[in-house]
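Just below is one structure, and these are the notes that go with it.
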Amino acid sequence: MGKVVLIIGAGDAIGSAIMRAFANKDYVVCGARRGGEKLDPLVEELRGAGKQAYGFSCDARKEDEVEALFADIETNIGPLDCVVFNIGANVPMTILDTSAKKFMKIWEMATFAGFLAGREAARVMTKRGHGSIIFTGATASMRGAAGFGAFASAKGALRNMVQSLAREMGPQNIHVAHVVIDAAVDTEWIKGMLPDYEERKANDGVVNPDDLAQNYVMLHEQPRSAWTFEMDVRPWAEKW
């Protein structure tokens, strides 16, 4: 059995790309999302290529489901060597249009779920004295743009929590990292949002999920004498 990696928020673009990147390095990959059956084609694809892959259903906002997910993997698949938290929750809306219910849901997805994932990963890894916990951030982790108040609030809070976790876990030989994706990622949603999408894509102006995913593997495999806490990623032509 190879080393086991869990991607929470294994969506169709970034999350799936991260699963493929680790599988291609012969890690055992586990993906979790609310509708776990949506992972079946990817799991079959990876298994068909001789890789070890598993899909799970989990609402990462629910403490009991997250605890059960970790227990299932640790008991039936193997000890987790790396956990990636990749839930986005990017829902543009003005403050005036943001209901308390929407604000709370975005916070639950981006912040509270990140806390649950980080806590459970830390609990199992501290027993063994090694591992990596990697969180996906966004431009909103660093600054709040107009129309993204709830998202920026949640992502900024996640980043601060991850900093705290990194300072707690580093002395215990557990690498905690935060990846700031400061650009549009090539997804179906972005394809419909950007009027110049085709031109940007042809010119490497949007983030390729497979290229992005290589950074997660690199962060996990970094030697501990040169750990990165925060990595910001953007295409060569992106303004920042």
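No value in this document is a laboratory result; all are computed from the given coordinates. Note that the structure is a prediction, hence the values are computed from the model and not measured. Neighbour counts run over all protein chains shown; Cβ positions are idealised from the backbone, glycine included.
Explain nothing, just the number: relative contact order of region 1-148, from Cα pairs under 8 Å at least 6 residues apart, as a whole percent.
25
Out of Ala122, Ala100, Ala184, any idea which swings most in a Gaussian network model of the chain, alpha carbons joined below 10 Å?
Comparing Ala122, Ala100, Ala184 in a Gaussian network model of the chain, the most mobile one is Ala100.
Can you give me the Rg/Rh ratio for region 192-240, using Cα atoms for both radii and the Kirkwood formula for Rh?
1.10
Evaluate the charge dipole of region 4-233 about its Cα centre and quote only its size in Debye, nearest 20, assuming +1 on the Cβ of each Lys and Arg and -1 on the Cβ of each Asp and Glu.
620
Obtain the nm distance between the two label points defined at Asp64 and Arg123 by a simple spin-label model: each point lies 7 Å from its Cα along the Cα-to-C-beta direction.
Here the answer is 1.5 nm between the modelled labels.
In a shell of Cβ-Cβ distance under 14 Å around Arg33, excluding Arg33 itself, what net charge do Lys and Arg (+1) and Asp and Glu (-1) give?
-1
Among Ile181, Ile7, rank each residue by its count of other Cβ atoms within 10 Å, from fewest to most, as a rough exposure measure.
Starting with the residue having the fewest Cβ neighbours, the order is Ile181, Ile7.
List the trypsin sites (Lys or Arg not before Pro) within region 73-165 that fall in a DSSP loop (any state other than H, G, I, E or B) and whose Cβ has at most 15 other Cβ atoms within 10 Å.
Qualifying residues, ordered by number: Arg143.
On the first, second and third principal axes, largest extent first, how far apart are the outermost C-alpha atoms of the chain in Å?
Ordered largest first, the chain gives principal extents of 46, 38, 37 Å.
Can you list the HN-Hα couplings for region 187-202, worked out from phi with the Karplus curve (6.51, -1.76, 1.60; θ = phi - 60°), rounded to whole Hz and with x for Gly and Pro?
10, 4, 5, 5, 4, x, 8, 8, x, 9, 4, 4, 5, 4, 4, 5
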